[in-house]
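Down below is the structure, laid out as C-alpha cells.
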Amino acid sequence: MKLRRILAASLFATSLASGYYHFVRFQGRTAPFNPIVEKFDLTVLAEKTVTYQIAENGPAVLAPGDSLPAVVSQIRAAARVWSEVETSELRLRFGGVFSPGQPVPSTPGVDVVFEELPPGVNGYGSITVRGEQSPGAGFVPIQRSQVVLNRDLANRPSWGSAFFLTAVHEFGHALGLQHSFTSGAMATEVTRGTSKIRPITPDDVAGISVLYPTPSFRQQLGSITGRVATGNDGLAMASVVAIAPRGAAISALTNPDGTFRIEGLPPGQYFVYAHPLPGALQGEPTPGNILPPLDPTGRPFDFGPNFDTLFFPASRVPFVTIAVAAGQAAENVNFSVTRRSSPGIHSVQTYSFPGQTAVKPAQLYSIDAPRNFMVASGVGLVQNSQPAPGLQITPLGGFATVPPNGVRPYAPAPASFLEVNFQFAPFVQEGPGHLIFTRGNDLYILPNALRLAQRTAPQIASLAVRPEDGTVLVTGQNFSAETRIHFDGVPATHRALDDQGRLIVSLPPAPPGYRSSVVAFNPDGQSSLFVQAPVEFLYDAVGDPSSSAGISLSTPTLPAGTESLVEFFAPQLGVTAESLVQAGFSTSDIQVRRLWTTPNGRLLANVWVSPNAAGSYASLTLSHGLRLLTLPNALQVTASPARLIQAALPSGVTGLVPGASAQLLVQSPQLAGAPSISLNGQPATVLSYEGGILTFAVPANLPTGPIAVRVGMAGEIGLPLGVQVLPPPAYITSVIAGLNQNINEARPARPGEILTVLISGLPDANSASGATPRLTLAVAGLEHRTFSVTPLGSAIQFQFILLNSVPTGNLPLTIIIDGFSVNGISLPVRGLN
C-alpha cells in the first residue's frame, strides 16, 4: 500500500506495506476523545444500500485471455464480500456502467474507475465528497467515494487472487475503513493473510460492523477497553490486538490519550498485546500508511512514539488471557510500555509452495506433503544472508514447534528470505496459525501467518458439457460436496458430487464464444490456483454476441422524484432466474429497487428517480451472469409533475397476501379526495384512507408473482408500482432438541442447547441460483446465528444454539427467509433447574 495523496484527499494506493481503523475526527484536542467517523448515512438510502457504478471504458490493457466482463465479474464479487457481512447493515448494489466525467449524482454512491498508476501501485480507495455533520449525528456522511484500479492489468489478471483482494481492500477504504494490522483484508499486501475463498477476517467484519452495526452486533459480541501509556502519558495511534490461539485476531488503534476500545469480539478467551504502528516503508509518508485523526480545524494529531511490544499485563510471553462475554466489556486492560528509538521487527510476510507458484500467506499441511515449509521475509529477520542473531519463531497456542535449525536461509534468495520448518502437534486442527517473532527486546506477532489444512488443494483436470441437461461435469482431485467452481467471478450453481468424486455444476450465462477462466475453491481456504493456472472453458459460439441488440424499455422517460414499474425487454436473456440478473443505470440518482424476471427476456423493475435528477439521461446495464448488455441513453428524467401521486409499501412489508388486507403509503401533496386502487387493472376495495395510509382488501384470486398497483385520486392516476403477490405464508413445522425431543410446554427449550427447526410451505427453497437461503432468526427480539441450513424443496431445515442470555417464559420465535416472514410461534424456554 502506498498513500497517494495525503490528508487533502484521503487516497490509498496498493503496493508493498502493512486493527481495524476508520477515518476519524475529534471535537477537540483534549479528553474525552469520542471518535467522529466518516461513513455512509444509511438512513437516507433505500434498504440501507449503497449503489456502485463501474467505468464503462474499463482497463486499457488486459492480461492474455482476460476480458472486461471477467474484470467486472471480479469487481462485483469483491463488492459482494462487504455486502454479506451479517453483523453490518450496509449492503452494496451494482448500478451498471457509467461514463467518467458525467455530473456527480446527488445520491450517495461509489464509483469504480481505472487510472494510470505509478509502478508498483495497483489501486487506491478514497472518500471524494463529504457532507456536513448533522448536529448530534456523531459522524460525517460520505456523499461520494471511489475505487481506483490500474488501467494496465497486463500482469494482474482478473482471475488472480491479487486483483480480487486489491478490489476487496479498496472497497473497504471507499466504505470508511483504513488500514489494519491483523493480516485481514484491510492489511496491505505485505501482511495480508486472506484468500479468494476467505477474503475477510473477523477484524474486517468488526471494522465494518462498528460503522454500520446491526442491532445484534453489540448484543452477541463483546469488547475490551483500556489504555496504553508510558508513565502518565497516553500513547496515540498504538495498535492493540485481542488474539485467540488458532482463532480471531481483532484490534483497534488508541485515541490521542491512549485509550482504546476493541469491539466485535466473539465470546471467549483472548491474549491481548499492544504494538506500535510499523515503520513507513519506502514511498510511504506515515507509519502504517495511516491517515491520523483531525481536530475541528483540520489539523492532524501526532503519531505516538515507537515502543516495545508487550502482551498484557506486561510480558513478552503470552500467559494471561482476558475473558470476553457477549454484550459486555472487559475493562482496565491497561499497558505501561517502554519507548524505543527505532522500530523493531515489522512488515513480515509469509509464503509457501504447494505447487510451482508462491502462495501467500503460507499454506501448510498436517499431513506429509512435498515442500511443506514456510518462507518468510520482513524488516529485522535477515542479517548478512543468515537469520538475524537471536531470532526465534514460536507458533501461538502450541499447534506446532520450530525444531532446532528449523530456521535457515532460503536457498534461492538467502539475502532476503528465511525458510521455516515446523513440527505439528498430533491431531492438529485446520485453520489459521499465528506466529510470534522475537529477537532481543523485539517482539512481533503476525496474526494469520499461515493456514493449516489436512489435505492438499483441489485441482481441475477437465470440464465437459453434459448433452442431456447442459450442466458441466468437472473432473479433478480433492473435491468434496463443499467444493465450489467459479467461472471468472461468478460461482456456478452446485448440483452434485457423484460417486466418482466428480462435480456437476450449472453453467453461468455468458456471451456466445466467451472464454472463461475456471477455478475450484475448497472451504479450507485453498483453491486450484495453488497448484495450477485456471482452466479455460470456451462457451458455444452459437447466438447473437451483440451487447444491446433488441433491448428496449416500456417508457423512455420518468419524472424526477418518482418510483415506477418499468418493463425491460432483452430477448437474449430467455428464461432465467432472478438471482442471475441485475439491472442498473449509470447514476446512483436512478436505481432499480426491485427486479422480477419473466419468460422470453421480459423483466419488470421498480425504478426510483431522485428528485434532483431532472434533465439527465442514463444508460441501462443488464448483467446476466458473465454477460453485460448495455443500452446508451436508455432513460431521460423529466421534471416532476405538479399533480403527483406516489405509492409505496410500508417498511418491512415484502408483498401482498391474497384475501387479506394490506396498506400503502400514499403521497399526494397537491391532491385531495377519496383514493381508488387497482391491482393489475382489477379494482380493489378501499377500506380506509387516513394520514396518507391507504388500507385496502387484496382480491383472493390474484396469482402469485409481480403485479402493477396504481392509486388514483381527484381524477389523476399515479404511476404503476410493482408489488409481489405472496404465496400463503410459510410456517414452523417443528422445533426439536437432541435426536427427537419436540419442544413444547412439557419439554421446553433450554438456554445453550442446539435446536433444529423445520419450516414448510415455502415456494421453493431450492432456488435456481443454488444459493443458501438468507435466514434471520430471533427469540424474544434477540438475534441468533443459524447453521447447518438444508433446503428440502418447499421446506427448509436448520439449527441454532439458544443463547444463554434469553429470558425464560413463552418467547416469540420469529424467522425471516430471504426477506419473507414465517408465521411465528411462542417458544417455551425454561432454565436448567
Exercise. Out of Gln741, Gln724, which single residue is of a type in the set (S, T, N, Q), over 26 Å from Phe217 (Cα atoms) and open to solvent by less than 30 Å² (accessible area, probe 1.4 Å)?
Worked result: Gln724
Problem set entry | Evaluation of Ile796 against (1) over 25 Å from Ala325 (Cα atoms); (2) in a strand (DSSP E or B); (3) open to solvent by 30 Å² or more (accessible area, probe 1.4 Å) (one fails), failing number | (3)
Exercise. Mind checking which residues of the range 59-80 are closer than 14 Å to Leu628 by Cβ and of a type outside the set (Gly, Ala, Ser)?
Worked result: Leu68, Pro69, Val71, Val72, Gln74, Ile75, Arg76
Seminar exercise, completed: Checked the range 808-833 for anything surrounded by 16 or more Cβ atoms within 10 Å (Cβ to Cβ) and among the small types (Gly, Ala, Ser); matches are Ser821
Problem set entry | Out of Gly268, Gly264, sole residue that is at pLDDT 95 or above, surrounded by fewer than 20 Cβ atoms within 10 Å (Cβ to Cβ) and either in contact with a Gly (Cβ under 9 Å, 6 or more places away or on another chain) or over 20 Å from Leu450 (Cβ atoms) (or both) | Gly268
Problem set entry | Selection within the range 126-139 - of a type in the set (A, V, I, L, M), over 22 Å from the mean Cα position of the chain (by Cα) and at pLDDT 90 or above | Val129
For this session: Filter the range 384-421 down to residues that are modelled with pLDDT under 95, open to solvent by 50 Å² or more (accessible area, probe 1.4 Å) and hydrophobic (A, V, I, L, M, F, W, C), then give me how many there are.
Result: 2
Problem set entry | Close pairs (6 angstrom Cβ cut-off, 6 or more residues apart or separate chains): farther than 22 Å from Leu68 by Cα in the range 103-127, open to solvent by 50 Å² or more (accessible area, probe 1.4 Å) and in a strand (DSSP E or B) anywhere | Pro108/Gln143
Exercise. Here are Val81, Val104: which of them is open to solvent by 40 Å² or more (accessible area, probe 1.4 Å) and under 24 Å from Gly172 (Cβ atoms)?
Worked result: Val104
Problem set entry | Pairs, first over 14 Å from Thr338 (Cα atoms) in the range 430-443, second open to solvent by 10 Å² or more (accessible area, probe 1.4 Å) and acidic (Asp, Glu), C-beta under 7 Å, six or more apart | Glu430/Asp524
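Just one of Asp66, Asp111 is assigned to a strand (DSSP E or B) and open to solvent by less than 50 Å² (accessible area, probe 1.4 Å); which is it?
Exactly one of Asp66, Asp111 is assigned to a strand (DSSP E or B) and open to solvent by less than 50 Å² (accessible area, probe 1.4 Å), namely Asp111.
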Exercise. Only one residue in Gln667, Gln636 is more than 30 Å from Asp540 (Cα to Cα), open to solvent by 30 Å² or more (accessible area, probe 1.4 Å) and in contact with a Phe, Trp or Tyr (Cβ under 9 Å, 6 or more places away or on another chain). Which one?
Worked result: Gln636
Seminar exercise, completed: Among strands (runs of 3 or more DSSP E) entirely within the range 467-520, at least 3 residues that are buried (at least 21 other Cβ atoms within 10 Å of the Cβ) occur in 484-487
Exercise. For residues in the range 429-466 being in contact with a helix residue (DSSP H, G or I) (Cβ under 7 Å, 6 or more places away or on another chain) and assigned to a loop (DSSP other than H, G, I, E, B), which is surrounded by the fewest Cβ atoms within 10 Å (Cβ to Cβ)?
Worked result: Ala457
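The values are calculated or read from the model by the stated rules, or taken from the named source; none is laboratory data. Given the structure is predicted, the values throughout are model-derived calculations rather than measurements. Note: ideal-geometry Cβ built from the backbone for every residue, glycine included; neighbour counts use all protein chains shown. Note: accessible area is taken over every heavy atom of the protein model, side chains too, but ligands, DNA and RNA are not part of it. Shrake-Rupley method; radii C 1.70, N 1.55, O 1.52, S 1.80 Å.
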